[in-house]
């Protein structure tokens, strides 16, 4: 199984994906709609009609966007996600603060991002994921170069670990962005995107190997590709009783149809397990070409219950 070709893995995911949606839908219906004793479609229609009738639909959308304003996350400081889930009823909340600097002199871009992520286990192998950010941006291309703050785009996602084979585990993650950020102020993309990511995790005595391969529906734009690939690999190695070294490297397809290098990065970080339920981390991410931010330094805090 370790040597299975990517095409075979993709085929297996395609065969089991309907089971994923069936399991997730039944669990959500059982846990959140059982009191109504109505079909899910009917319950959803009633909620929509209620919000519209009371002029609450826009308010509801604003509240969702305010809280869930970043792409579905991997554990900070990593970009590459793992196949682990929280288990039925389990939760994880994560907070991080990152400083991003690109360019120099009059063209230098400074960004400070406070991020929040939450994962909830609806079954032992399925998590619902939400995340959000508050951004402070100083960019010569936006807001006349003055410092501005606001919410960025958000996302909702779901991760399913569909196979456990000893040290090898496989999963898929589906996510959709919410176009909540102000595009004119540099806080958002201005449209929704959808991403499918395949996750491979391999545990050995000396550490843990993670690989992600994904494809994004970038939406319909004049000067950008409709579909974009991304790939990354991470290695986590314990170096002390509660301290783990993390190394991550990855690349994504250049969105512009006018040419340019594919954005690529390298990252190194440390994760300290303060307790069995609390992690503290620090990470540095470096752009390997001009298409990726030059420097990113961040700290994070995660708690599970």
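The values are calculated or read from the model by the stated rules, or taken from the named source; none is laboratory data. Please read all numbers here as calculations on a predicted model, not as lab measurements. FYI the Cβ positions are ideal-geometry reconstructions off the backbone, even for glycines, and counts take in every protein chain you see.
Restricted to region 89-107, and to residues that are more than 17 Å from residue 281 (Cβ to Cβ) and surrounded by 14 or more Cβ atoms within 10 Å (Cβ to Cβ), which residue is modelled with the lowest pLDDT?
Among those that are more than 17 Å from residue 281 (Cβ to Cβ) and surrounded by 14 or more Cβ atoms within 10 Å (Cβ to Cβ), it is 103.
Report, by residue number, each residue of region 277-299 that is in a loop (DSSP other than H, G, I, E, B) and closer than 18 Å to residue 76 by Cβ.
277, 292, 293
Filter region 124-149 down to residues that are buried (at least 18 other Cβ atoms within 10 Å of the Cβ) and in contact with a helix residue (DSSP H, G or I) (Cβ under 6 Å, 6 or more places away or on another chain) and give me whichever is nearest to residue 304 (Cα to Cα).
My answer is 126.
So, residue 268, is that one more than 18 Å from the chain's Cα centre (by Cα), closer than 30 Å to residue 86 by Cα, at pLDDT 95 or above and in a strand (DSSP E or B) or not?
For residue 268, the condition - more than 18 Å from the chain's Cα centre (by Cα), closer than 30 Å to residue 86 by Cα, at pLDDT 95 or above and in a strand (DSSP E or B) - is met.
So, in region 237-254, exactly how many residues are within 21 Å of residue 286 (Cβ to Cβ), in contact with a strand residue (DSSP E or B) (Cβ under 7 Å, 6 or more places away or on another chain) and free of Cβ contacts under 8 Å to residues at least 40 places away in the same chain?
9
Out of region 158-179, which residues are closer than 16 Å to residue 218 by Cα and crowded, with 19+ Cβ neighbours inside 10 Å?
174, 175, 177, 178, listed by residue number.
Just checking, how many residues over region 210-261 are in a loop (DSSP other than H, G, I, E, B) and under 30 Å from residue 190 (Cβ atoms)?
Counting residues in region 210-261 that are in a loop (DSSP other than H, G, I, E, B) and under 30 Å from residue 190 (Cβ atoms) gives 16.
Within region 151-161, does at least one residue satisfy the condition of being more than 26 Å from residue 230 (Cβ to Cβ) and over 15 Å from the mean Cα position of the chain (by Cα)?
Within region 151-161, not a single residue is more than 26 Å from residue 230 (Cβ to Cβ) and over 15 Å from the mean Cα position of the chain (by Cα).
Right, residue 181: under 22 Å from residue 230 (Cβ atoms) and not in a strand (DSSP E or B) or not?
So residue 181 passes the test.
Taking residue 198 as meeting all but one of (1) without any contact (Cβ under 8 Å) to a residue 40 or more places away in the chain; (2) in contact with a helix residue (DSSP H, G or I) (Cβ under 9 Å, 6 or more places away or on another chain), write down the number of the exception.
Exception for residue 198: condition (1).
Out of 154, 171, 121, 181, which single residue is within 17 Å of residue 74 (Cα to Cα) and at pLDDT below 85?
Exactly one residue qualifies, and that residue is 154.
Show the residue pairs that are 6+ apart or on different chains and have beta-carbon atoms under 8 Å apart, the first residue being within region 94-113 and at positive phi, the second being surrounded by 15 or more Cβ atoms within 10 Å (Cβ to Cβ) and not in a strand (DSSP E or B).
Every condition considered, the pairs that remain are 103/294.
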